Amino acid sequence: MNNRDKELAVQCRLITSNIKGVYVDTLQEFADLIRADEREAIAAWLDGEAGSGRIISCTSAAKAIRARGNT
């Protein structure tokens, strides 16, 4: 589990800072699945935007990606 994942897991009280073992490995797998799902959702959204013929800026894309966390 990388340091950022550990920080987030500790922050939401899933683990303590010194935990090790299978549980941590399982949490890492879960974090990896969430990341892959988010990457695919973002890629699908960008594919849709590209297919629409509309040109978007990187700033617009970043704003839309961040807005996903609020829905």
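The values are calculated or read from the model by the stated rules, or taken from the named source; none is laboratory data. Bear in mind the structure is a predicted one, so any value in this text is a computation, not a measurement. Neighbour counts are summed over all protein chains in view; Cβ atoms, including those assigned to glycine, are modelled from backbone coordinates with ideal geometry.
If you filter segment 9-49 down to residues that are part of a loop (DSSP other than H, G, I, E, B) and among the β-branched types (Val, Ile, Thr), you find that the one that is modelled with the lowest pLDDT is 19. The set of residues in segment 18-71 being surrounded by 13 or more Cβ atoms within 10 Å (Cβ to Cβ), under 22 Å from residue 7 (Cα atoms) and among the charged types (D, E, K, R) consists of 38 alone.
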